[in-house]
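The values are calculated or read from the model by the stated rules, or taken from the named source; none is laboratory data. All figures in this text were calculated on a predicted structure; none of them were measured in a lab. We place every Cβ from the backbone using ideal geometry, glycine too, and count neighbours over all the protein chains shown. Just the protein is used for accessible areas: all its heavy atoms, side chains included, with ligands, DNA and RNA removed. Shrake-Rupley method; radii C 1.70, N 1.55, O 1.52, S 1.80 Å.
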Amino acid sequence: MTTFSVQFLGCKVSQVDAHEVREALLAGGHVEAGAAEVAVVNTCCVTNEAVAKSRKAAARAARTHRRVYVTGCGANLAANAFSGLPGNVVVVPRRSEDAPAFVAGDVGSIGCVQVDARLDRVRAFVKVQDGCSFSCNFCVIPLVRGASRSRHAEAVLAEVARRVAQGHREVVLTGINLGCYRDRSAGYDLPRLVREAGATPGLARLRLSSIEINHVNEELVAALRQTPTVSRHLHVPLQSGDDRVLRAMARRYSSEMFLRRLAPLRDEFNLTSDVIVGFPAEDERAFENTIRVAQESGLTKLHVFPYSPRPGTVTAYDDPVPPAVKRERSERLRMLSDAASRARWRTKIGSDDVVLVDRPGRGYGDDYSPWLVGGEVGDVVRVRGVAVTEEGILAA
Ligand code: SF4
C-alpha cells in the first residue's frame with residue numbers, strides 16, 4: 001500500500017482529470033494522505049503563468065515525496081516545461097483518459113478496491129467531453145488535449161446518478177468545448193443530455209460549466225428552459241467584442257451574433273463570460289468595442305485574461321501590446337465586471353431565491369449569484385435578499 005496526494009492546477013476539467021487519477025490509485029488499494037510517498041500534480045498550460053505555477057508545484061512536491069507524477073495539459077505541452085526538475089519527477093505526456101491507468105500501473109496495485117470517492121462536498125463536476133476541434137489562433141488546448149471526443153451518454157448518466165447517490169446536490173456538466181458533445185451511436189447531443197441528466201432523481205441542480213455562443217441555439221435553450229433543475233446561469237466566452245479581433249483570433253462568431261443570441265436570455269439567465277485583453281490585433285478602439293458588447297449583452301461577471309502567447313499556436317510569436325496597457329485594460333474590465341455583478345445582486349433585494357449552501361455561511365443561488373446564508377453545507381434553503389455586501393447578497 002502506498003500513500004499518495006493529488007493536486008490540480010487550472011480549470012474544472014483539470015480538477016476532474018486529477019480526481020480520476022485519485023480514483024485509479026484508490027482502486028489500486030492505495031491511500032490518500034497529506035504527508036505521502038507519491039504525489040500527482042495535474043498541470044495547466046493555458047498561460048505562461050500557469051506553466052510557471054505548475055512547474056513550481058512539481059518542484060515543491062519533489063522535495064517532500066519519493067516520486068512525483070506530472071500529468072495534465074502542462075505535461076503534454078511541446079516545450080519541455082518540466083525539464084531540469086529532480087530525478088524523482090516523472091512527466092506523463094498522455095491524454096487525460098490514459099494518465100490514470102499509467103500512474104496507477106507505475107505505482108503498482110495491491111488489489112481491486114471498490115472506490116466511491118467524492119469530488120467535492122456539494123458539487124460534482126462530470127466531464128462529458130474532452131479536447132477541441134475549433135482552432136482559435138491563441139489557444140494551446142487543442143495541441144495538448146487533442147480533437148474533440150465525447151463520453152457515451154449511458155456512462156455520463158450513470159455517473160450523474162452515482163454522484164447524486166454520493167450526496168452531491170449539484171452536478172456541473174463540464175468539458176473543453178461542451179457544445180460539441182455528441183454520442184452519435186446512442187443519438188445524444190447536449191440538449192438531450194441536459195434533459196436526461198437534469199431528470200436524475202435526487203438532483204437539486206444541474207449547471208453547464210461553459211458553452212460557446214455557437215452552441216447557444218434554440219434546441220439547447222429549450223432544453224435549459226424546460227428542465228426544472230437547470231441553473232439559470234450560462235458562462236459564454238466572448239474573448240473580444242471587436243469583429244476584426246475576433247477574426248484575428250479565428251473565433252467563429254461576430255459581435256452581432258453574440259449579442260443576438262444572448263438578447264433573449266439576458267433577463268432569464270445570469271450571463272458570465274471570459275475576455276482576453278491585449279490580443280495582438282487589439283487597439284484602443286477595439287477594446288472600447290469589447291466594453292460596449294460586454295455591457296450591451298448584459299454580462300454580469302467577466303473573467304479577464306491578459307493575452308499570453310502560447311507555444312505552437314498561430315500567434316505564438318506575436319505580443320505587441322505592452323504589459324502596462326494589458327494591466328490598465330484588465331483593470332477597467334474588472335471594474336466593469338464588479339459594477340455589473342453588484343447591479344445584479346441588487347435585483348435580489350426583496351426577492352426570493354433558492355440557495356445551495358456549499359461552504360459555512362455561503363452558497364449560490366439558482367442563477368449562481370453568491371449569497372451569505374445560514375444552514376448546513378449541502379442544504380438547499382429558500383431565502384429573501386435584504387442587502388448587498390462586498391461578497392454577495394445577504395439573506396434574511
Ligand atoms: S474553442 Fe477555442 S479557446 Fe476554446 S478550447 Fe477550443 S480552441 Fe481553445
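Within the range 146-162, which residues are within 15 Å of the ligand (Cβ to nearest atom) and either under 14 Å from Leu178 (Cα atoms) or among the aliphatic types (A, V, I, L, M) (or both)? Don't jump to the end; show me each part of the working.
Of the residues in the range 146-162, the ones within 15 Å of the ligand (Cβ to nearest atom) are 146-150.
Across the range 146-162, the qualifying residues are Ala147, Ser148, Arg149, Ser150.
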Could you please tell me which pairs satisfy a Cβ distance under 6 Å, a separation of 6+ or placement on different chains, a first residue in the range 243-264 that is more than 14 Å from Ile276 (Cα to Cα), and a second residue that is aliphatic (A, V, I, L, M) and assigned to a helix (DSSP H, G or I)?
Tyr253/Ile213; Ser255/Val293; Phe258/Ile213; Arg261/Ile213
For Thr272: the one exception among (1) surrounded by 15 or more Cβ atoms within 10 Å (Cβ to Cβ); (2) in contact with a Pro (Cβ under 6 Å, 6 or more places away or on another chain); (3) within 30 Å of Val164 (Cα to Cα)
(2)
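Kindly indicate whether Ala263 is within 30 Å of Ala222 (Cα to Cα) and surrounded by fewer than 17 Cβ atoms within 10 Å (Cβ to Cβ). Spell out the reasoning first.
On the way: within 30 Å of Ala222 (Cα to Cα): yes; surrounded by fewer than 17 Cβ atoms within 10 Å (Cβ to Cβ): yes.
Yes.
Select, from Leu234, Leu246, Leu193, the only residue that is in contact with a Ser or Thr (Cβ under 7 Å, 6 or more places away or on another chain), surrounded by 22 or more Cβ atoms within 10 Å (Cβ to Cβ) and of a type in the set (A, V, I, L, M, F, W, C).
On the way: Leu234 fails: in contact with a Ser or Thr (Cβ under 7 Å, 6 or more places away or on another chain); Leu193 fails: in contact with a Ser or Thr (Cβ under 7 Å, 6 or more places away or on another chain).
Leu246 is the lone residue from the list that is in contact with a Ser or Thr (Cβ under 7 Å, 6 or more places away or on another chain), surrounded by 22 or more Cβ atoms within 10 Å (Cβ to Cβ) and of a type in the set (A, V, I, L, M, F, W, C).
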Over the range 373-396, the set of residues open to solvent by less than 20 Å² (accessible area, probe 1.4 Å) and without any contact (Cβ under 8 Å) to a residue 24 or more places away in the chain is Val373
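For every residue, the table says whether it meets (1) in contact (Cβ under 8 Å) with a residue 12 or more places away in the chain; (2) not basic (Lys, Arg).
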{"position": "Gly179", "(1), (2)": "yes, yes"}
{"position": "Arg205", "(1), (2)": "yes, no"}
{"position": "His215", "(1), (2)": "yes, yes"}
{"position": "Leu234", "(1), (2)": "yes, yes"}
{"position": "Leu271", "(1), (2)": "yes, yes"}
{"position": "Glu284", "(1), (2)": "no, yes"}
Wholly enclosed helices (runs of 4 or more DSSP H) of the range 174-278 bearing at least 1 residues assigned by TED's automatic domain parsing to the domain that holds Ile291 and more than 16 Å from the ligand (Cβ to nearest atom):
243-249, 255-262
What pairs come up if the first residue lies in the range 130-144 and is within 16 Å of Ser308 (Cβ to Cβ), the second is open to solvent by 30 Å² or more (accessible area, probe 1.4 Å) and near the ligand (Cβ under 6 Å from one of its atoms), and their beta carbons are under 7 Å apart, counting only those six or more places apart or on different chains?
Ile141/Ile176
Within the range 63-101, work out how many residues are touching a Gly at 6+ places or on another chain (Cβ under 9 Å) and of a type in the set (Gly, Ala, Ser).
7
Please state which of the following conditions Arg95 fails to meet, knowing it meets all the rest: (1) away from the ligand (no atom under 16 Å from the Cβ); (2) of a type outside the set (Asp, Glu); (3) free of Cβ contacts under 8 Å to residues at least 60 places away in the same chain; (4) not in a helix (DSSP H, G or I).
(1)
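Residue-by-condition table, conditions (1) within 24 Å of Val172 (Cβ to Cβ); (2) out of contact with any helix residue (DSSP H, G or I) (no Cβ under 6 Å at 6 or more places or on another chain); (3) open to solvent by 30 Å² or more (accessible area, probe 1.4 Å):
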{"residue": "Val304", "(1), (2), (3)": "yes, no, no"}
{"residue": "Asp318", "(1), (2), (3)": "no, yes, yes"}
{"residue": "Val325", "(1), (2), (3)": "no, yes, yes"}
{"residue": "Arg332", "(1), (2), (3)": "no, yes, yes"}
{"residue": "Ser337", "(1), (2), (3)": "yes, yes, no"}
{"residue": "Gly350", "(1), (2), (3)": "no, yes, yes"}
{"residue": "Leu356", "(1), (2), (3)": "yes, yes, no"}
{"residue": "Asp366", "(1), (2), (3)": "yes, yes, yes"}
{"residue": "Trp371", "(1), (2), (3)": "yes, yes, no"}
